[in-house]
Amino acid sequence: MGSIKSLVKNCLRFFRKILGLHVYNKTHQHYFDTENMVSGMILSSLVAFSTLLLLGNTVAPLAAEDGFRNSWQTAGIILPYAILLLASAALFSFNYMEISGKRHKRHFGKAMMLFFALTGLSIGIYLSYFDYIQNGRVLVFIAMETFIFGIMIWRPLVSLTIITLSFFLFHYFCSEKVSPSPIEKIHFFTAWLSIVAVNITRYYKKILDIKRAERLENINTYLSDLSVTDEATGIGNMLSFRNKVNSIRNTSKEEFLSRIFLFLDIRNFSSYNESHGFDEGSRFLGVVAHTIQYTFKEDPVARFSDDHFVVFARHDDKLEEKIASIRRKIELADKDIKLGLKVGSYIPEDESCPTTTACDFARYACDTLKKKYDVDYCEYTSESAEDIERKQYIINNIDKAIEQGFIHVYYQPVVFAENKELCGFEALARWIDPKYGFMSPATFISVLEEYRQIHKLDAHVVREVCKDIQQAPSRSLPLLPVSVNFSRLDFELMDIEALLEETIEKQGIDKKFIHIEVTESALSGNDKRLRTILQNLKEKNYALWLDDFGSGYSGLNILKEYSFDMIKIDMAFLRNFSETPKSRPILKNIVHLATDIGMKTLSEGVETEDAFEFLRSIGCERIQGYLFGKPMPKDEIIQKMKDGVFKLPDSHSSSE
């Protein structure tokens, strides 16, 4: 029995494949259902209209002529048309309600169409039977065949079966009454073949239309998915994240406020990239992304940028456990590099908080952890809000501050250790703002460096220093050299050589009065461009100073690779000087090392006589610190020089 069923199925499958009448997918089915309902409405309307015309112009006059003498005969004429009219009206009404969304009974609709088809064909056979016997015409039957096959196009095998059986029955009934001639048989077959061919062609055209629409829909779906998917990791991007968060916001205020924004940053990912290569780094980033998505599978997750991710998570008891789980998996990826996970968070205070702003708050909280290796989680607070506001203010107003004179150059004195004579100054920037008042360098310099705006500040300081040096003789002041600080970013963001040459030439001063300070940390790594610029400055007779020596990780190597005139010993060596006896031998060896390789020494951060006397005893040549003066405005420096607070060199001129 099973083999017979299998044989039948295979035959049907082969028959469908030969005719191309394969089982279509759900998209095709939905299209045909909709097309069929529209066709049903149109064709049922045509049938109803035609039936009314026939009843009005043909059947009614015949009945009137007969005088209704034979009521049964009259009923036999009118009844089929009435049934057809009612079936057409019922089919039209059901399809209209289905399309307008008032009903959702597709199986009942298909059954109704099948009933209409059988009813229409039966009436067509009935009416054309008498017409054929009397006049040899089959017009009504052919018309109904065409109508019905047009409606039943959505099921080609069913419609082929119905139309073939109806032709066979009609031919059989007619042949019983009047034997058809060979020509008439050919006409019957030709009519059947024409209807089948036309409608199968129409079916194929519909299939092609569906496939085109489906391809277009697939393309649109792909483009839609692409617009909300992060290409590198395969998870959602920020557009997708914002849409999902907004959906939660619009659905339930309570649900929105019960969640928390998380900003996740993979610690030491750049080191992983350098060690394993960018391809492996991208693969690892994708693994982390899907780990986060799986861990927070019921929450919106997206890649924010680089190795940063955001989550709009439920703020429940499982939150810490989920974060810890992700952190463990990241740490196990490579124990040598010491990967980790830093997380900043922000709890929305009301539902009106923009998603982008909330993510920025969580990001800022995460950024505060960068230099805290023992802390991995930070929540955004009101103090953080003030810091962000000030940070944004600094970035937005640096140009205005320079133009309107809010940036001031302060000068801190430097003296010779041997006799405490004033030998120069260090130029330091101070921001005195109309809104925030006095802002220390710790407040704004790191922000300007982070947002790559530091070159604007440093270029302004150079111009102001050169202008002050040029004006010194007219104020009866000694010409003393000034050291100016340059960030590593300055060498990327501006042409330092051109700036110095242009400014010095414009002010008409000697370049020996400008000393260039570069921090030790700026020289880490093998930066050939930076090395070339420093060498060019050296060849142009600018004095190069190595600032904050001892604060980095490669001080001795820098002494070997670069040619500096002065080493500025970091003030950290003098912190708690009297309580840290190890500082003394370290300082002594630094000074002796510098002397041996032909470099001069300057120690900054000197605050006590004890520290000063020790530095002088070991041969440190210059001293800078609060013991001799803090950073001061230009006018205060000038006044103290005139009041004799500083011991001036006899020559009133120095460039040493």
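Residue 626 fulfils the conditions (1) assigned to a loop (DSSP other than H, G, I, E, B); (2) among the aromatic types (Phe, Trp, Tyr); (3) buried (at least 19 other Cβ atoms within 10 Å of the Cβ) except for a single criterion, (3). Please find, within segment 350-403, the residue that is farthest from residue 246 (Cα to Cα) out of those that are among the hydrophobic types (A, V, I, L, M, F, W, C) and free of Cβ contacts under 8 Å to residues at least 12 places away in the same chain. Looking at residues that are among the hydrophobic types (A, V, I, L, M, F, W, C) and free of Cβ contacts under 8 Å to residues at least 12 places away in the same chain, I get 375. The single condition among (1) farther than 30 Å from residue 644 by Cα; (2) open to solvent by less than 10 Å² (accessible area, probe 1.4 Å); (3) of a type in the set (Ser, Thr, Tyr) that residue 483 does not satisfy is (1).
Inspection of segment 413-423 identifies at least one residue that is surrounded by 18 or more Cβ atoms within 10 Å (Cβ to Cβ), β-branched (Val, Ile, Thr) and within 30 Å of residue 600 (Cα to Cα). Exactly one residue out of 326, 260 is at pLDDT 90 or above, on the phi < 0 side of the Ramachandran plot and assigned to a helix (DSSP H, G or I): that is 326. Take residue 358 and tell me if it is among the small types (Gly, Ala, Ser) and either open to solvent by 40 Å² or more (accessible area, probe 1.4 Å) or closer than 24 Å to residue 431 by Cβ (or both). So residue 358 does not fit the description; no. For the condition in contact with a strand residue (DSSP E or B) (Cβ under 6 Å, 6 or more places away or on another chain), within 22 Å of residue 605 (Cβ to Cβ), at pLDDT 90 or above and assigned to a helix (DSSP H, G or I), what is the one hit in 484, 461? Every option except 461 fails the conditions. Determine if segment 381-399 includes at least one residue that is open to solvent by less than 30 Å² (accessible area, probe 1.4 Å), in contact with a helix residue (DSSP H, G or I) (Cβ under 7 Å, 6 or more places away or on another chain) and at pLDDT below 85. Yes, because at least one residue in segment 381-399 is open to solvent by less than 30 Å² (accessible area, probe 1.4 Å), in contact with a helix residue (DSSP H, G or I) (Cβ under 7 Å, 6 or more places away or on another chain) and at pLDDT below 85. State whether the residues of segment 366-379 include one that is open to solvent by less than 70 Å² (accessible area, probe 1.4 Å), among the aromatic types (Phe, Trp, Tyr), farther than 30 Å from residue 464 by Cβ and not in a loop (DSSP other than H, G, I, E, B). Within segment 366-379 (the criterion being open to solvent by less than 70 Å² (accessible area, probe 1.4 Å), among the aromatic types (Phe, Trp, Tyr), farther than 30 Å from residue 464 by Cβ and not in a loop (DSSP other than H, G, I, E, B)), the answer is no, since none of the residues qualifies. If you check residue 640 against the conditions, is it among the basic types (Lys, Arg), farther than 30 Å from residue 538 by Cβ and surrounded by 15 or more Cβ atoms within 10 Å (Cβ to Cβ)? When the stated conditions are applied, residue 640 passes them.
Evaluated against (1) within 20 Å of residue 623 (Cα to Cα); (2) open to solvent by 30 Å² or more (accessible area, probe 1.4 Å), residue 467 falls short on exactly one condition, (1).
Can you find even one residue in segment 239-262 that is in contact with a Gly (Cβ under 7 Å, 6 or more places away or on another chain), farther than 24 Å from residue 378 by Cβ, open to solvent by 10 Å² or more (accessible area, probe 1.4 Å) and not acidic (Asp, Glu)? No, segment 239-262 has no match at all. Answer yes if at least one residue in segment 596-610 is hydrophobic (A, V, I, L, M, F, W, C), farther than 27 Å from residue 560 by Cβ and not in a loop (DSSP other than H, G, I, E, B), and no otherwise. No.
Evaluated against (1) within 29 Å of the chain's Cα centre (by Cα); (2) among the β-branched types (Val, Ile, Thr); (3) more than 23 Å from residue 566 (Cβ to Cβ), residue 407 falls short on exactly one condition, (1). Within segment 333-355, the set of residues being surrounded by fewer than 16 Cβ atoms within 10 Å (Cβ to Cβ) and either in contact with a Gly (Cβ under 8 Å, 6 or more places away or on another chain) or of a type in the set (Ser, Thr, Tyr) (or both) comprises just one member, 352. Counting residues in segment 289-304 that are hydrophobic (A, V, I, L, M, F, W, C), in a strand (DSSP E or B) and touching a Pro at 6+ places or on another chain (Cβ under 8 Å) gives zero.
Taking first residues from segment 590-618 that are open to solvent by less than 70 Å² (accessible area, probe 1.4 Å) and partners that are aliphatic (A, V, I, L, M) and assigned to a helix (DSSP H, G or I), the Cβ contacts under 6 Å between residues at least 6 apart in sequence or on separate chains come to 601/591; 601/594; 603/615; 604/571; 605/571; 605/574; 611/574; 618/591. Scanning segment 486-501 for residues that are exposed (fewer than 14 other Cβ atoms within 10 Å of the Cβ) and either touching an Asp or Glu at 6+ places or on another chain (Cβ under 6 Å) or aliphatic (A, V, I, L, M) (or both) turns up just one, 498.
The condition of being in contact with a strand residue (DSSP E or B) (Cβ under 6 Å, 6 or more places away or on another chain), more than 28 Å from residue 532 (Cα to Cα), assigned to a loop (DSSP other than H, G, I, E, B) and of a type in the set (A, V, I, L, M) does not hold for residue 645. Where strands (runs of 3 or more DSSP E) fall entirely within segment 392-449, those with at least 1 residues that are polar (S, T, N, Q) are at 407-416.
The values are calculated or read from the model by the stated rules, or taken from the named source; none is laboratory data. Since we're looking at a predicted model, the values are computed, not measured. All Cβ positions, glycine included, derive from the backbone under ideal geometry; neighbour counts span all protein chains shown. We work out accessible area using only protein heavy atoms, side chains counted, and drop any ligands, DNA or RNA first. Shrake-Rupley method; radii C 1.70, N 1.55, O 1.52, S 1.80 Å.
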